[in-house]
Structures are given as C-alpha cells and as structure tokens.
Amino acid sequence: MPRHQVLARLSRYFHVVWAEPPHSWRESWLTREAGADTFHEPDLSASGFVRYRPGIWLPQVYRPKAVGAWLESQRVKRAAALLRRRGCKTTVFYLWRPGFAHVLDAASCNLSCYHIDDEYSFSALEHPLDEAEVQLIKRVDQVFIHSPALLERKGGFNPNTLYVPNGVDYAAFSSPHDEPTDLKAVPHPRLGYIGNIKTQLDFQVLYDLATRHPEWSLVLVGPRGYLGADADLVEKIAALRNVYLLGNKLVAAVCAYPQHMDVCLLPYAMNDYTKYIYPLKLHEYLASGRPVVATPIRSLESFGHVVALARNLSEWEESIRAALSPTATQVDSVEERRKVAQKYDWDGLVKRIAQTICERLGQAKAA
C-alpha cells in the first residue's frame, strides 16, 4: 500500500516509528495474546524504521470515552518517546486516515501531516464531504493528496497541499523475472489483472470478455476482497474454463506476473468512488513494458498515450486485439511505457515528500 512504500523510504531521511493498531481489550485480557509493548525493526536498507505495537496495558477501548482517549494518548506518547530515545529533537506526526485526528490532541509535535490516498467514504455514490475530515485538513501543517480528482475535491482547504501520485518500485517491476510456476500452464494470450478482487471492478466486462473470447485466458492474481452484490457474478467468472484465479501472492513475487501477461487490465467500474482512485497497478504495469487496457477513470485520462482506454465492451475487445498485435510490443512502445513509469518511481516521489517536510520545518532543515 502507499503508506508502506512512503514510510519505509522516509526512513532514509528520518527516524520513523510505524504505530500498529492496538489490540482490543478482549484480545488483550481474555486471550492474553497481546503481551508487552513490541518494537520490531524490519530488514530494510535503512535502519531508521521501527514498528511499534502497544502491549496488554494499552488496548483499544471505546467505552467509556474518557478511558479510551487516555489510553490513546498513552500509546501516542510512547511512540513519540521512542523517537526521543533515538536522539530526535523534532517530531512529525504523519496521519493516513481521518480517524487518526485524535493523535494531534494526544501529544505535541513540531509538524503534522495528513496523507490522503483514498476516498474514505468508499461509496459508489457521491457523499458530501465529511466535516471531520475537512477540519483535519485545515488543522494539519501539510497535506499530501494522491489523485487529481481528490485534489480538486479536497485540495482547497489547506494552502500547504502537495499532489503526490502513487508510484512504483521501478527496479523491482522492470527487472526481468522468471515466469511464475502457477502461470506456466496458462495458455496464451493472457489477459491479466493483478490486485485485490473487489467490488470496484467491472465484473460484467470481465465476464463478457471471457465468455465471448474463449481463446483468451483471463488471469486474476490477488486475494478476494469485499464483493457485495458481485459475489455471484465472480463465482460465474471463476467457473469458466478460460479463467484462472491464482490467489494472493507475497509482495516480492508480484513483480513477475505483469511481465508474463500479454495484456494487463485495469477493469474498474465507473462510479463516484473510482473517479477518486489512483491505481497502484498503473505504473507497475507500465514498468513491465506490457500493453495496458483500462477503464477511463479520472486518474488515467492523462495516460492515454501509453494506456488504451475502453468505455464499453466493443472498445475493450478492440483495444485488447490491438494490444495483442506485434506492434504493441515493439521496442519503442515498450520503452515509452517504461519511461513513463520511471518518472513515478517511489524513490523520487518520497524524496519530494521528505523535502517538503524539511521545508515546512524551517530553512535550516531544508538546507
């Protein structure tokens, strides 16, 4: 997820404490699985990243509210104290959801940031702006927003707002990888989607493509998320002879799959939620060099020179046929896609975030 990509790389510039969600009081006291506070330093290239998980004495409590608020403040203070023990004299609170606004009241900091990487209503129908989120946007010192439509919707409340789109680990997705074992038996041509299989996808288009073109293999790589009313249709798709559901994969293994597809798909439904997203898969697909066909959601409109945008079934069929032609994989086409992806390497995007944080902390730190 973007928060993993961003905070892991911010640890190259700063000490980072990743605060895990606390255990519930039931988990803490009835099962006694929580134990003491845990501090874990993953094997990253930089040593400034520590993961903090509150222990048995600081569970998540919702009632009474006063007790829950006090426990929350103690969790925040312990995470901040870990920074101070590492010698940090300046503290930044970096929030990823509007529900974490209470952190700003729990302890003091030198700078507060709010990173908006989704429309948190998760609704296919437009809702009025959440007033609590608007107040958070106004309150923090710096806002980062990841998609053009969200920038238009929420970018006017704080003058210190920076557009930072989702990116790609370019080296990982552009370097050659062996064909995954579970993909070897899948016949070509392969149409591949790599990501969560969830209700935001246009499953009717996928079903129609698979049934109308039994000569194409439809490959879905990823876990099943919330499907709602689409659950039955997904089962129908899964039952087709030319459809392959390969399940969830480790992060390190995912990089290989786009390279061994003939066409990579971004088959999103067109609604009031998807117009705000910026797919992580976009630049991962482009880094592989493979042709991409997508629904024309708002964030993809400016990538029409490297992504074929299909508005209906006939356009999907036409775009896929074009993507399967030899011209789609000529060297110049592959390189054009990769050049676009390289501009969105997470290293460069996070460097901009780090520079912005330093500038907001003052001239000395900016220098």
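The values are calculated or read from the model by the stated rules, or taken from the named source; none is laboratory data. Bear in mind that the values here come from a model prediction, so they are computed numbers and not experimental data. Cβ atoms come from the backbone with ideal geometry, glycine included; neighbour counts cover every protein chain shown.
Assorted remarks:
- Residues in region 327-367 that are among the aromatic types (Phe, Trp, Tyr) and either outside any helix (DSSP H, G or I) or loosely packed, with under 14 Cβ neighbours inside 10 Å (or both): Tyr344 alone.
- Leading residue by the ranking (surrounded by the most Cβ atoms within 10 Å (Cβ to Cβ)) among those in region 261-289 that are assigned to a loop (DSSP other than H, G, I, E, B) and of a type in the set (D, E, K, R): Asp262
- Any hit, region 238-253, residues being under 16 Å from Gln204 (Cα atoms) and free of Cβ contacts under 8 Å to residues at least 24 places away in the same chain: yes
- Residue count for region 294-316 satisfying the condition of being touching an Asp or Glu at 6+ places or on another chain (Cβ under 9 Å) and closer than 20 Å to Arg190 by Cα: 7.
- Some residue of region 221-242 being surrounded by fewer than 21 Cβ atoms within 10 Å (Cβ to Cβ), assigned by TED's automatic domain parsing to the domain that holds Arg190, hydroxyl-bearing (Ser, Thr, Tyr) and under 22 Å from the mean Cα position of the chain (by Cα): yes
- For region 1-103, the helices (runs of 4 or more DSSP H) that sit wholly inside it and include 1 or more residues that are at pLDDT 90 or above and either buried (at least 18 other Cβ atoms within 10 Å of the Cβ) or not charged (D, E, K, R) (or both) are 2-10, 65-85.
- Within region 330-349, the presence of a residue that is β-branched (Val, Ile, Thr) and either in contact (Cβ under 8 Å) with a residue 60 or more places away in the chain or under 15 Å from Leu265 (Cβ atoms) (or both) is excluded.
- Filter pass, Tyr120 being crowded, with 17+ Cβ neighbours inside 10 Å and either at pLDDT 95 or above or out of contact with any strand residue (DSSP E or B) (no Cβ under 7 Å at 6 or more places or on another chain) (or both): no
- Scan of region 123-164 for residues that are touching a residue at least 60 places away in the same chain (Cβ under 8 Å) and aromatic (Phe, Trp, Tyr), ordered by number: Phe144
- Extreme residue, surrounded by the fewest Cβ atoms within 10 Å (Cβ to Cβ), among residues of region 170-187 that are assigned to a loop (DSSP other than H, G, I, E, B) and without any contact (Cβ under 8 Å) to a residue 12 or more places away in the chain: Ala185
- Scanning region 295-313 for residues that are touching a strand residue (DSSP E or B) at 6+ places or on another chain (Cβ under 9 Å) and either among the polar types (S, T, N, Q) or not in a helix (DSSP H, G or I) (or both) yields a count of 8.
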